[in-house]
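One structure, pasted below without further comment.
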Amino acid sequence: SHLAQGGGFTAGRMVEIHGDRVSEPARAFQPLLAKLALQSEPARDAQAMLLAWDCNTTRDSAAAPLFSAFRQALLVSILRPLLGDATDNLLRAQDRGGNSFLTRTLARLHLLIAKNETGLLPAGATWGALLESALESAQAYCLKALGPDPLRWRWDAIHHTAAVHLLSGMFPEQATLLDPPAIAMGGDLDTPQAAGFYLDGDYRVRALCVARYIFDPSDWGNSRWVIPAGVSAHP
């Protein structure tokens, strides 16, 4: 949406683009969720919150954790009948292959639902039933993890960095110097402000951009550069 606005790409504007936290998958799911006639009250509560959401995964968003838990539950409901016990091992995958497969599948769910493609679904299952079940699961997860009042839910309560230095395990007495502090974040798997996580139900940030650059050829002194994890400067 930023790029569609056209010109005026100043360094300050590029900072805004890099920091964009709007979830396009959430926007794509909203019209699909709006069509559902749900029987379950918890599912209807989750539906109402997601439909009222501006799809901005800010740190204080109450709907961002609900949406992430919803897509996670939907993904698992498809994979488990296909893969059985191997599903749990796949969800814990931290390698590029396993995690890439999961995120690519996750990114296509709304497209499959919109076209009513049911080839991946268990026999007799419908997208409507799976969506309702996923909404119920997401609502239950957020109530347990974030408390009984949805107005007090926050994305950053479960979504924060958790970087661990490669040497921390070998030198645990130095871990406080080696490991960067945990920082609450907005964004998610799909936003320009990259803040990805493994799809095992733990929403701690595990995937960040390595570095971000903004170059201003007309004024090199106005260029910007940041390394998200930073360095301790401690020898």
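Can you give the charge dipole size of the chain about its Cα centre, rounded to the nearest 20 debye, using +1 on the beta carbon of Lys and Arg and -1 on the beta carbon of Asp and Glu?
Using Cβ point charges on Lys, Arg, Asp and Glu, the chain gives about 300 debye.
So how much accessible area does K115 have, in Å² to the nearest 10, using a 1.4 Å probe?
Approximately 140 Å² for this residue.
Using the beta-carbon distance between A86 and D202 and R0 = 22 Å, what value does 1/(1 + (r/R0)^6) give for FRET efficiency, to the nearest 0.05?
About 0.70, to the nearest 0.05.
Using θ = phi - 60° and the Karplus curve 6.51 cos²θ - 1.76 cosθ + 1.60, what whole-Hz ³J(HN,Hα) does each residue of segment 172-180 get, with Gly and Pro shown as x?
Each residue of segment 172-180 in turn: x, 5, 9, 4, 5, 8, 7, 7, x Hz.
Hey, another quick one. Could the peptides 62-70, 217-225, 103-111, 24-32 be put in order, highest first, of the mean number of other beta-carbon atoms found within 10 Å of their residues?
Result, highest mean first: 62-70, 24-32, 103-111, 217-225.
Separate question: log10 I(q)/I(0), Debye, Cα-only segment 1-150, no solvent, q = 0.11 Å⁻¹?
-0.49
Return the FRET efficiency for the residue pair R27, E173: r is the Cβ-Cβ distance, R0 is 45 Å, and the value is rounded to the nearest 0.05.
Approximately 0.40, to the nearest 0.05.
Return the calculated 222 nm mean residue ellipticity for the chain, to the nearest 500 deg cm²/dmol, obtained by summing -39500 (n - 2.57) across DSSP H runs with n ≥ 4 and dividing by the residue count.
Result for the chain: -13500 deg cm²/dmol, rounded to the nearest 500.
P(r) for segment 14-67: what percent of alpha-carbon pairs falls in each 5 Å bin, starting at zero?
Answer for segment 14-67: a P(r) of 4, 19, 28, 21, 14, 7, 3, 2, 1 percent.
Quote to one decimal, in nm, the extra length available between L36 and A48 on full extension: 0.36 nm per residue of separation minus the C-alpha distance between them.
Length difference between fully extended and current span is 3.2 nm.
Which order do you get for Y141, Y198 if you rank them by accessible area with a 1.4 Å probe, largest at the top?
Y141, Y198
Keeping all protein chains in place, calculate the accessible area per residue for the chain (probe 1.4 angstrom), answer in Å².
I get 56 Å² per residue for this part.
Roughly how much of H165 is accessible, in Å² to the nearest 10, using a 1.4 Å probe?
70 Å²
Further question on the same structure: Ignoring ligands, DNA and RNA, what percent of the 1.4 Å accessible area of the chain is carbon and sulfur?
Taking all protein chains in place, the chain shows 57 percent carbon and sulfur surface.
Once fully extended, how much extra length lies between V231 and K115, figured as 0.36 nm per residue of separation less the alpha-carbon to alpha-carbon distance?
Gain in length upon complete extension: 37.0 nm.
Moving on to the next point. Using only C-alpha positions, report the orientation-averaged shadow area of the convex hull of segment 82-135, nm², one decimal.
Its Cα hull, projected and averaged over all orientations, spans 4.3 nm².
The values are calculated or read from the model by the stated rules, or taken from the named source; none is laboratory data. From a predicted model like this one, the values you see are computed outputs, not experimental measurements. Neighbour counts run over all protein chains shown; Cβ positions are idealised from the backbone, glycine included. The area values use the complete protein model at the heavy-atom level, side chains included, leaving out ligands, DNA and RNA. Shrake-Rupley method; radii C 1.70, N 1.55, O 1.52, S 1.80 Å.
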